[in-house]
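Peer 1: The structure is given below, and queries will be raised subsequently.
The values are calculated or read from the model by the stated rules, or taken from the named source; none is laboratory data. All figures in this text were calculated on a predicted structure; none of them were measured in a lab. With ideal geometry, Cβ positions are generated from the backbone for all residues, glycine too; neighbour counts draw on all protein chains shown. Calculation scope for accessible area: heavy atoms of the full protein, side chains included, ligands and nucleic acids excluded. Shrake-Rupley method; radii C 1.70, N 1.55, O 1.52, S 1.80 Å.
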Amino acid sequence: LAFCRGRVVRVPEGPLIRVVGTEVVIPCSVSHYDGPSEQNFDWEFSRETDFVRIVSTWDSTFTSEEYQKRVGHGDIKLRRSSNDAVDLVIRNIQPTDQGKYKCSTPSTDATVQGNYDAEVQVKVISDGLSVSGSKARSSMSLRLSEGDSFKLRCSAITTSPEHTHLHVTWQIKSGSPWRDILSLTHEGKFEPGPGYEERYHNGDVRLDTGANDTYRLLVSQVSSVDAGAYRCLVSEWVRGADSSWQKIQEKSVEIATVAIQQTDVVISTSNVSVTERDSLDLTCNVTTDRSGVFQAEVIWYLSSSPDDTLTDAQVLLSMDHDSVVSDSTLISLSHVDRNSYRLLVRDADVEDSGYYFCQAAVWVPLHNGSWHKVVERTSAPVSVVVTALEPDYEVFLNASKTPKFSDDPTELNCRITNTQDTEANMRFTVSWYYRQRLRSDDVVTEELLATMDADWTLLPGERSRERTQNGEIIFSKKAVDIFSLRIQWTREGDRGDYFCVISAWSRHRNNSWVKSKDVTSASVSIFWATQDYTLTVEAVKLKPFFVAGHTFEMTCKVSSKNIKTPRYSVLITAEKPLTDQSNPNGTTRIISLNQDSVVRLEDWTDQTRVDGVVLEKVQENEFRYRMYQTQISDAGLYRCVVTAWSPGGGGMWREAVNGLSNPIQIDFQMSG
C-alpha cells in the first residue's frame, strides 16, 4: 500500500522533548523512491512563521544567513547514516531552537507520488537535573582490607517541568573504560553489570535509596577487583509520543577512589631439598594490614602438581581460627608468632616430595559473637625434593657351572658385596638378563629372563617363562646376599652373555617398598665351541668261507667324535639280489638293538628260524651279528646302520648322527 502511495519521508513522532545545552539528533529517512540509491536531504526550521533553511546534503548555498555561522562551526551538521537516511545534529541546543523542523527530499522519481517532506516539533526544556556526591568538592579516598565492606552515596534530583524519570548507575574504572556495577533503571528495575550478577544475587553488591534523593552503593567482601575509581552516572528519561522511552540527558560525578590492601600468604623458604629421614621445616607467613581482632585459619597442602587449583592435593595439616590443629603423628603445625605458621615433617620420606602450598583465611568476629571469613589466599608452591638414602654396594656375577656340551647344566651366582649404609628397612631383589652374542657390531637388546618385585615374587620374562614352569630353568635365593640362576640342560640357543641387576628397596612409613637403587653386574659369557658330529662304522666278517647251513658272523666297530658320552643303536640290513621276489625293494631290516640294549626283530619273518638271528653288544663301541643255519636265500650284502645318541634334558636321549658300515657279502656260489 505504501508503494502505491509512492515516496515516503519519515521523522520521529513529536513532540521531541530535549534539555537545553544538550546535543539533539533528529533522524530522517526516505523509502519507496525511484532514481539513484543515494538520496539528498534538506532541513528547515520554523518558529510559528515561515520556514528558514538550515542545511542541505547537496546544496552548499542552501543555508540561510541566520544559520551560516553555526553550520560553519559544526554546531549544526548533517550525519549520513545510510544512502536513504541522515541525522540532523544540533549541539548545545537553546530555547530559541524550539520549534518545528522539516526534512525534505528533492524528487528523483519518474512521477511525483507520495510525500516529499515530514515535520517534527522539538520542545526545549530547562536543565533541572542535579547530581552530587559528598559535601567535599573532590572525591574521597578509601583504603580497605580484603573482606571489608564500604558504602558510597550520591544525590540526584530533577526539577524538570516534564514528567521525567531518573536512571542511576554506579560505575567503576580501574585502568579500563568505566564498567557498570549496578543500576536502578528509569523503569524502577535493578540491573547488575556484567560480572556482578552473582555478587548482586548474594547480597554483596546492593543499591539502596534514601532520603533527600540519595542513592547508596553498598559493597561487601571486597577484593582486589573492587579497587579503582567510582562514579555515579545519572540519566534523565521521558516518554515520547509513541510511548517509547527516550534519554534526554546524562550527568555523572566521581564519588571515591578505593584502594584494597591485599592479604599475602607466602612460604618463607624457596625450593627445598632434604635427605630421607631428616626433618622438613617450612614456615607460612600471612601478611595483612588489618587492624583490630582477627584470626587466621591455615591449611597445608601437598600436591604432585604446581597447579594452585589443588584439585588433587592432599591435606597435610590444618589449624582453624580457634588454633585447633588436626591430628598427625609425624607432622606438626605450630603458631610461631602472630603471622607465622610452621610446618614440621619429621623423618621425611621420599613420598613427601612434591609441591607444598599454604592456604590462609582471615576471620573476623561479628556482633553476634560468631566468626566471619573475610578473605582466603593460597601461597605460590614450594618444590620439595626428598632424596632417598642411597645404599652403597657392589654386585659380582660368577659361573659355578659352565657347559662344555649341549644339555650340560649352567649355574650362575649373583652376589652382593661390600654393602654399606644399609639398614633394617631395606631389602634386595634381583633381575636376570640375557644378551645374544653376535660376530658383527650389531647392537642386540638384552632380554629379561626374570625379575623379582619388592616381596621377592618371581616374575619370569617371555624368553624363559615356559622353561621356568617346566623346571628346566630354576631361579633361587641361596642366601641373603646370593641369587642363583640354573639352566638344567643348556641349549645352543642359550649361548651368550648373562648379567644380573641387584635392586635395593627402602620401606616407607606406610610400609610400602620403593626402589632406591639399581646396580648392574659385569656380564658372564656362556659359550662352547660346536663341531660337526662324526661317526665311522666298520663291518668285519669273522669267517671268510662257509657253506649253506653254517653260521654267518660279522662285527661292527663304531668310532665317533665331538659327541658327549655317546650311546649307539644298531640296525642290521640285508640287500638281496633283484631276483628275490619276496622283497622287491631290495633292502630288508633284520634285527635292531637300541641305545638301551633292547633287541627287536624287524622284518625277519622266517618262522622256522625265529631264533636264527642274534645281535649283541660286545663292548660300548662293538656289536656282533650272527645268523644260524644259513640258506641260499640269505645271499646278499649285509650292513650295520648305527645311530649315535647323546644325553638330552630330563633324562631323555637326543639323536646326534647316523652312520652306515661297509657291506659284507654272503655269496654261496663263490664260497661253494
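Peer 1: For the chain, give the percent of accessible area contributed by carbon and sulfur heavy atoms, probe 1.4 Å, rounded to a whole number.
Peer 2: Roughly 47 percent, rounded to a whole number.
Peer 1: Kirkwood hydrodynamic radius (Cα pairs, Å) of region 216-284?
Peer 2: The answer is 18.1 Å.
Peer 1: Note the listed values [x] 1.05; [y] 2.14; [z] 1.20, then indicate which one is Cα Rg over 2.2 N^0.38 Å calculated from this particular structure.
Peer 2: Recomputing Cα Rg over 2.2 N^0.38 Å here picks out [y].
Peer 1: Next up: For Leu459, what accessible surface area do you get with a 1.4 Å probe? Give it in Å², rounded to 10.
Peer 2: We get 80 Å² for Leu459.
Peer 1: Given a Förster distance of 60 Å, report the FRET efficiency between Arg179 and Asn418 from their Cβ-Cβ distance, rounded to the nearest 0.05.
Peer 2: Result of the calculation: an efficiency of 0.25.
Peer 1: Now for a separate question. Between Val444 and Asn368, how many nm apart are label points set 7 Å from Cα along the C-beta direction?
Peer 2: 8.3
Peer 1: Please give the per residue accessible area of region 1-59, computed with a probe of 1.4 Å over protein heavy atoms only, in Å².
Peer 2: I get 52 Å² per residue for this part.
Peer 1: Are there GluC sites (Glu not before Pro) in region 326-427 that DSSP marks as loop and that have at most 11 other Cβ atoms within 10 Å, and which are they?
Peer 2: Passing both the DSSP loop test and the Cβ count: Glu423.
Peer 1: Can you compute the charge dipole magnitude of region 531-632 about its Cα centre, using +1 on each Lys and Arg Cβ and -1 on each Asp and Glu Cβ, nothing else charged? Give it in debye, rounded to the nearest 20.
Peer 2: Here the size comes out at about 220 debye.
Peer 1: Loop-only GluC sites (Glu not before Pro) in region 586-668, please: DSSP not H, G, I, E or B, and at most 16 other Cβ atoms within 10 Å.
Peer 2: Hits after loop and neighbour filter: Glu602, Glu620.
Peer 1: Another question, then. Enumerate the calculated ³J(HN,Hα) couplings along region 66-71 in order (Karplus 6.51 cos²θ - 1.76 cosθ + 1.60, θ = phi - 60°), each rounded to whole Hz, writing x wherever the residue is Gly or Pro.
Peer 2: 5, 10, 4, 5, 5, 5
Peer 1: Calculate one ³J(HN,Hα) per residue across region 629-644 by plugging θ = phi - 60° into the Karplus curve 6.51 cos²θ - 1.76 cosθ + 1.60, and present them in order as whole Hz with x for glycine and proline.
Peer 2: Result, rounded to whole Hz: 6, 4, 10, 4, 5, 7, 4, x, 9, 10, 9, 9, 9, 10, 10, 8.
Peer 1: So what's the net charge close to Pro647: Lys and Arg +1, Asp and Glu -1, counting the other residues with Cβ under 9 Å from its Cβ?
Peer 2: Once all neighbours under 9 Å are counted, the net charge is +2.
Peer 1: If amide H atoms are built 1.01 Å from N in the plane of the peptide, which residues on other chains or at least 5 residues away come under 5 Å of the amide H of Ile125?
Peer 2: Under 5 Å from the amide H of Ile125 lie the amide H atoms of Arg18, Val19, Val20, each far enough along the sequence or on another chain.
Peer 1: Taking 7 Å along the Cα-to-C-beta vector as the label spot, tell me the Thr551-Leu601 distance in nanometres, rounded to one decimal.
Peer 2: 1.8
Peer 1: Residue farthest toward the positive end of the dipole of the chain, with Cβ of Lys/Arg at +1 and Asp/Glu at -1: which of Ile487, Pro460, Thr169?
Peer 2: Ile487
Peer 1: Also: Here are some pairs, Lys404/Lys541; Lys100/Lys173; Lys251/Lys373; Lys69/Lys123; Lys543/Lys564; which of them have Cα atoms lying more than 32 Å apart in this structure?
Peer 2: The pairs that break the limit, which is 32 Å between Cα atoms, are Lys404/Lys541; Lys100/Lys173; Lys251/Lys373; Lys543/Lys564.
Peer 1: Another question, then. With each pseudo-label sitting 7 Å past Cα toward Cβ, what's the Tyr533-Ser268 distance in nm, one decimal?
Peer 2: 8.3
Peer 1: How large is ³J(HN,Hα), in whole Hz, for each residue of region 37-52 in order, when computed from phi with the Karplus curve 6.51 cos²θ - 1.76 cosθ + 1.60 and θ = phi - 60°, using x for Gly and Pro?
Peer 2: 5, 7, 9, 9, 9, 10, 10, 9, 9, 9, 9, 6, 10, 5, 6, 10
Peer 1: Give the separation of the Cα centroids, region 262-317 to region 440-504, in Å.
Peer 2: 49
Peer 1: Report the full-extension gain for the segment Ser243 to Ser81: residue separation times 0.36 nm, less the Cα-Cα distance, to one decimal in nm.
Peer 2: 55.9 nm
Peer 1: Taking amide H atoms as placed 1.01 Å from N in the peptide plane, list the residues 5 or more away in sequence, or in a different chain, whose amide H sits under 5 Å from that of Lys477.
Peer 2: Close amide H contacts, sequence-distant or interchain: Ser484.
Peer 1: Normalised by the residues of the chain, what does the relative contact order come to in percent, with Cα pairs under 8 Å and at least six apart?
Peer 2: In percent, rounded to a whole number, it is 7.
Peer 1: Here is a follow-up. Tell me which residues come under 5 Å, amide H to amide H, from Asp148 once H is placed; ignore anything under 5 positions away on its chain.
Peer 2: Val222
Peer 1: Take the Cβ-Cβ distance between His508 and Arg437 as r, set R0 to 41 Å, and report the resulting FRET efficiency rounded to the nearest 0.05.
Peer 2: Computed FRET efficiency for His508 and Arg437 comes out at 0.50.
Peer 1: I would also like to ask the following. With +1 on each Lys and Arg Cβ and -1 on each Asp and Glu Cβ, and nothing else charged, work out how big the dipole of the chain is about its Cα centre, in Debye to the nearest 20.
Peer 2: Roughly 720 debye for the chain.
Peer 1: Here is a further query. How high is the FRET efficiency from Glu197 to Val325, r the C-beta distance, R0 35 Å, rounded to 0.05?
Peer 2: Calculated value: 0.35.
Peer 1: Sticking with this one: Ordering Asp532, Asp667 from largest to smallest accessible area (1.4 angstrom probe), what's the sequence?
Peer 2: Listed by decreasing accessible area, they come as Asp532, Asp667.
Peer 1: Rounding to the nearest 20 debye, state how big the charge dipole of region 268-409 is about its Cα centre with +1 on each Lys and Arg Cβ and -1 on each Asp and Glu Cβ.
Peer 2: Result for region 268-409 is approximately 460 debye, rounded to the nearest 20.
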